[in-house]
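Only one structure is covered here, and it is reproduced in the block below.
The values are calculated or read from the model by the stated rules, or taken from the named source; none is laboratory data. Here the structure is a predicted model, which is why all the values come from computation and not from measurement. Cβ coordinates were reconstructed from backbone atoms using ideal geometry, including for glycine residues, and neighbour counts include every protein chain displayed. These accessible areas exclude ligands, DNA and RNA; they are computed on the full protein's heavy atoms, side chains included. Shrake-Rupley method; radii C 1.70, N 1.55, O 1.52, S 1.80 Å.
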Amino acid sequence: METQSIEKSQRITLGSGDSSMSESTVRKLNYIAGGLMMISSLYYIISFINAGAEDSFKIISGILFFVSAIMFLFRAQFELSPSSKYAPHFLITQNGLKIKIGVLKKPEFINWDEVKKVELGYYKIGIKDKTGLQYFPYKTRKETSIELKRAIEAVAAQKGIEVENLLKR
């Protein structure tokens, strides 16, 4: 695996992409919604079991409601956490660029020594190396996207890599 020092790396977590609320508010709302849904679904399931409900559809819908609650809690804990290794993020180091653009997607590591050109687009980063040009689209807030592009541009310039801003064409 790549060797890097924590002091020389910058992690930029992509977050929820919702610009109407802060990232911490979105995360808290997911915890609250998940918790309330879980309590409601457990009450729903227990009340139908105690009442001797013969309609299994009602119990199944309570179970599905419970699964939905788990998904909200999962999103809050893994996708929206700024420190989760599963959260979509970019890790910019002196050695390379680690890109993880989805919770269930495997991260990619690109060594700066192999990069010939970096393209900065509208919510996407293009990396040209010996295998060709590959784009990494992502979803995030405007401020986070600007921070990400500035950090990549700074390291690429330091390494002598050509940087093209596609937005200034």
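Here the label points at K8 and S61, each 7 Å from Cα along the C-beta direction, are separated by 6.0 nm in the simple model. Between K159 and A51, the simple label model (points 7 Å from Cα in the Cβ direction) yields a spacing of 6.2 nm.
On C-alpha positions alone, give me the angle between the axis of helix 142-159 and the longest principal axis of the chain, in degrees, nearest 10. Tilt relative to the chain: about 30 degrees. In a fully extended conformation the segment linking I146 and L104 would gain 12.7 nm over its present Cα-Cα distance, using 0.36 nm per residue.
Taking Cα atoms only, the orientation of helix 56-74 departs from the longest principal axis of the chain by about 30 degrees.
Averaged per residue, the chain has 62 square angstrom of accessible surface, using a 1.4 angstrom probe with ligands and nucleic acids left out. Per atom type, region 13-169 shows carbon and sulfur on 59% of its accessible surface, probed at 1.4 Å.
In order along region 28-45, the phi-based Karplus estimate (6.51 cos²θ - 1.76 cosθ + 1.60, θ = phi - 60°) of 3J(HN,Hα) comes to 4, 5, 5, 5, 5, 4, x, x, 5, 5, 5, 4, 4, 5, 5, 4, 4, 5 Hz; Gly and Pro are listed as x. If a spin label sat at a point 7 angstrom from the Cα of F74 along the line to its beta carbon, the backbone N atoms of region 93-130 nearer than 11 Å would be those of 104. Entry note, the chain: the mean residue ellipticity at 222 nm calculated from DSSP H runs of n ≥ 4, each adding -39500 (n - 2.57), is -13500 deg cm²/dmol after division by the residues and rounding to the nearest 500. From the cross-link list K105/K159; K28/K168; K85/K116, which pairs have alpha carbons spaced over 31 Å apart? Correct reply: K28/K168. Contact order for region 17-79, expressed relative to its length and based on alpha carbon pairs under 8 Å spaced 6+ residues apart, stands at 48 percent.
Calculated on the Cα set of the chain, radius of gyration then Dmax: 21.4, 72 Å. How many percent of all Cα-Cα pairs in region 17-79 sit more than 14 Å apart? Roughly 59 percent, once rounded to a whole number.
Expressed in Å, the radius of gyration and Dmax of the Cα atoms of region 89-165 are 11.5, 33. Rounded to two decimals, the Cα-based Rg/Rh of region 52-113, with Kirkwood Rh, is 1.33.
Taking θ as phi - 60° and the Karplus parameters 6.51, -1.76 and 1.60, the scalar couplings of region 113-129 work out to 5, 8, 7, 9, 7, 10, 10, 10, x, 6, 6, 7, 10, x, 10, 9, 9 Hz in sequence order, x denoting glycine and proline.
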